[in-house]
Amino acid sequence: MISHLRSALVLTLVMTALTGIAYPFAVTGIAELAFPRQAHGSLIERDGKVVGSALIGQAFSGPGYFHGRPSAAGQGYDAANSGGSNLAPSARALAEAVRARIAAERAANPGERGPVPADLVTASASGLDPHLSPAAAAWQAARVALARGLAVEEVRALIAARTEGRTFGLLGEPRVNVLALNLALDERRPMR
Amino acid sequence: MDANGILQILLYLAVIVALTPLAGGYMARLFEGRLTFLAWAERPIYRLCGTAPEREQHWSAYAFSLLAFNLVGTLAVYGLERLQVWLPLNPAGVGAVSPTIAFNTAVSFATNTNWQAYGGETAMSYLTQMAGLAVQNFVSAATGIAVAVALIRGFARHSAQTVGNFTVDLTRCVLYLLLPVAFLTALFLVWQGAPQNFDAYVPASTLEGVHQLIAQGPVASQEAIKQLGSNGGGFFNANSAHPFENPTPLTNLVEMTFLLLLAAGLTDTFGRMVGDRRQGWAIFAAMGLMFVVCVSLAAWAESQANPALTVAGMDSLVGNMEGKEVRFGIANSAIWATATTAASNGSVNAMHDSFMPLGGLVPLVDILLGEVIFGGVGAGLYGMLVFVVLAVFIAGLMVGRTPEYLGKKIEAREVKLAVLAILVTPLGVLGLGAISLLAGPEAIAAPGPHGLSELLYAYASATGNNGSAFAGFGAATPLNAILQGVAMVFGRFAVIVPVLAIAGSAAAKKTVPPSAGTLPTHGRLFVTLLIAVTVVVGGLTFFPALALGPVVEHLALFSGTLF
């Protein structure tokens, strides 16, 4: 029994050194050299200040920005506390929350009559989903164009330019990165 | 489900089928001792451990070595969690983990469960994640594979007293297999966008001028092994739904592939090591057929829009997007949910708690079947072989002959051990779950039948060493943290010990040549029998509980009742 324990102890120490120290540090070292931007979280800087990460969604509420998905991360888009709503499909709380979001989106986008795109009114899994479906972005185009004093066609063209297709035409779903789209808007016609 | 979704599911199945012989062949060479190019690294490890690598162990000594190693590992993780506040690599300044959560987490990672009663970015320092949790990701995976290999040797050998050397099996599994594959995968993940650093969390000022603190850390290195080793414990609370853990559809495909790669590969390793590859493919076929049924049901259920939301004015085109990410959509969320619970991985790229009732039923059933649809690395194969023992026993009863498998007579001892192992899941899920339900019902977050599903899922996940959750469940209460910890230890080692005993007793038997009365175990008849035994014995036990949970919820939701 003692020999079993001794062997177990030494093996644990060896494995910790190998897989817990050497492995992550080696990956960090190579990542630092080969992919420094990604290794540090794909941060986006504007005028020398970090405005976010290309991979992480953030909250938008003004009419001149495209709104991302509802977020259950912390108080909303808390990038240090990710998570979903975990509400059951049969939860009254979910139906009420979605009903309120639909009403808010309808009020903010009075020109749109049809059903509201699903991703615009449901919380994502991470609470940090950086994307919208192209349909959910298109739904907000008229409002954003009005608030920015741009033509709707111009805003639609921006959406089209920022829409990523499926990888190799097959994997994943078509999507628009909301932060990238809003940055492009700011570049075209800054908010005053 | 649109055509593209179906295509993505088919592609995934094709990838797994194609990679199975590759992974299987490599592991067969590894565990038959034919790979030696890292012998220079092995030798000093054995010397330090005081192990003579050529000296094999009786199954009981193998089990003792395994239990001792897992005990030490659990204590090490517990120590790191409690002391992290005074240790380096803690730029976010997270405090010591509470004793019950620390116990729960230590057990959770040592048993390959990776149930997370904490949020990674708010509770664990970089050091704890790396030197505690990620180490267990490697070695608990290697432990599972070692047990499976010991069992394979039991069937492959005859008149033998030993089943292998635990220290050697574990070390070789890490050095030749897990470490190199994880290393390459980690670099791929960084390239795609997963962070790998030791930075403090980065404060950002968003376009609308709101403060956003962005968590960082050595994410990629942990993510790689978490998928490969069927561990599943996320660096972040949102697990592989988090864009830093799983940034693109491409990383998603790779991570999903690693969910099942080694578990599927081991079926072929089994076939090769027992000298008849058809035996491995027969087990693969039984697993694969059940997988196809499960993934189809999940994909269909999730492509339905929630009627309670479409009534309110939501679009019904896409399906159930609550708790899902846009980049993955319905198909990838359904594949992942099925694969992660078929395997004992438990990582998620969508929130199972918010799945449609029948969509959530699929992962729950996968776990309750004992995670033998590919299953955890090693654990899936040895779990399925336990069902095989039971299947040949039942077949033997039907024709009135002593059952045999691969030339080994299956006798009372093996059948008793198999039944012991099979009883673990119902005892853990229904027994411990019932205690939790009676002693602490306040942990249930959802009202109505979904609440029962949450609790059932929690105890299924812990006993099955899965680790995924209907995450609304209040698993962090001291009662549940401790009960779940007990369920995880029970679910892991109360299966491993009988399995190793079967290995020992099979190894000691003589091989008898097949006769006209032998049931061939590589044909369609046997595959059907195996599936039937798995579903009836593994699944039917839980039918009443499932009827009261997801099934009632489905009927209520589609007749307009909310809770």
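The values are calculated or read from the model by the stated rules, or taken from the named source; none is laboratory data. It should be emphasised that the depicted structure is a prediction, and the values quoted were computed from it without experimental measurement. All Cβ positions, even for glycine, are placed from backbone atoms using ideal geometry, and neighbour counts span all protein chains on display.
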Are any residues in segment A:54-79 of a type outside the set (D, E, K, R), free of Cβ contacts under 8 Å to residues at least 60 places away in the same chain and at negative phi, and if so, which ones? A:59, A:61, A:70, A:71, A:72, A:73, A:75, A:79
Check on residue B:348, outside any loop (DSSP other than H, G, I, E, B) and not small (Gly, Ala, Ser): no
Of B:152, B:145, the only residue that is among the β-branched types (Val, Ile, Thr), buried (at least 24 other Cβ atoms within 10 Å of the Cβ) and in contact with a Gly (Cβ under 6 Å, 6 or more places away or on another chain) is B:145
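Residues checked against (1) in contact with a helix residue (DSSP H, G or I) (Cβ under 7 Å, 6 or more places away or on another chain); (2) within 30 Å of residue B:222 (Cβ to Cβ); (3) aromatic (Phe, Trp, Tyr):
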{"position": "A:61", "(1), (2), (3)": "no, no, no"}
{"position": "A:77", "(1), (2), (3)": "no, yes, yes"}
{"position": "A:106", "(1), (2), (3)": "no, no, no"}
{"position": "A:132", "(1), (2), (3)": "yes, yes, no"}
{"position": "A:146", "(1), (2), (3)": "no, no, no"}
Of the numbered conditions (1) crowded, with 24+ Cβ neighbours inside 10 Å; (2) of a type in the set (Val, Ile, Thr); (3) within 11 Å of chain A (Cβ to nearest Cβ); (4) touching a residue at least 12 places away in the same chain (Cβ under 8 Å), residue B:362 satisfies every one except a single condition; which is it? (3)
Is it fair to say residue A:187 is among the acidic types (Asp, Glu) and part of a loop (DSSP other than H, G, I, E, B)? no
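Please pick out the residue among A:83, A:76, A:114, A:62 that is at the interface with chain B (Cβ under 7 Å from one of its Cβ atoms), of a type in the set (Gly, Ala, Ser) and surrounded by fewer than 21 Cβ atoms within 10 Å (Cβ to Cβ).
Working: A:83 fails: surrounded by fewer than 21 Cβ atoms within 10 Å (Cβ to Cβ); A:76 fails: at the interface with chain B (Cβ under 7 Å from one of its Cβ atoms); A:114 fails: at the interface with chain B (Cβ under 7 Å from one of its Cβ atoms).
Sole residue among the options that is at the interface with chain B (Cβ under 7 Å from one of its Cβ atoms), of a type in the set (Gly, Ala, Ser) and surrounded by fewer than 21 Cβ atoms within 10 Å (Cβ to Cβ): A:62.
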Can you list the helices (runs of 4 or more DSSP H) found entirely within segment B:355-448 that contain at least 1 residues being farther than 18 Å from residue B:463 by Cβ? B:357-368, B:379-399, B:412-426
Checking residue B:393 against (1) over 30 Å from residue A:106 (Cα atoms); (2) in contact (Cβ under 8 Å) with a residue 40 or more places away in the chain, only one condition comes out false. Which one? (2)
Quickly run through segment B:436-475 and pick out the residues that are touching a residue at least 40 places away in the same chain (Cβ under 8 Å) and away from chain A (no Cβ under 13 Å). B:436, B:439, B:440, B:456, B:460, B:461, B:462, B:464, B:465, B:466, B:467
Within segment B:304-312, can one find any residue that is buried (at least 24 other Cβ atoms within 10 Å of the Cβ), at pLDDT 95 or above and closer than 23 Å to residue B:252 by Cβ? no
Helices (runs of 4 or more DSSP H) wholly inside segment B:99-195 that include at least 1 residues being in contact with a strand residue (DSSP E or B) (Cβ under 7 Å, 6 or more places away or on another chain) and farther than 22 Å from residue B:238 by Cβ: B:135-156, B:166-172
Considering every residue within segment B:71-82, establish whether at least one is among the small types (Gly, Ala, Ser) and over 30 Å from residue A:80 (Cβ atoms). no
Just checking, does segment B:339-353 include any residue being touching a residue at least 24 places away in the same chain (Cβ under 8 Å), more than 7 Å from chain A (Cβ to nearest Cβ) and on the phi > 0 side of the Ramachandran plot? yes
Scope segment A:101-154; condition of a type in the set (Ser, Thr, Tyr) and closer than 16 Å to residue B:312 by Cβ; matching residues: A:122
Is it the case, given these coordinates, that residue B:217 is more than 9 Å from chain A (Cβ to nearest Cβ) and touching a Phe, Trp or Tyr at 6+ places or on another chain (Cβ under 9 Å)? yes
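What are the residues in segment B:411-462 that are of a type in the set (Phe, Trp, Tyr) and over 24 Å from residue B:534 (Cβ atoms), if any?
none
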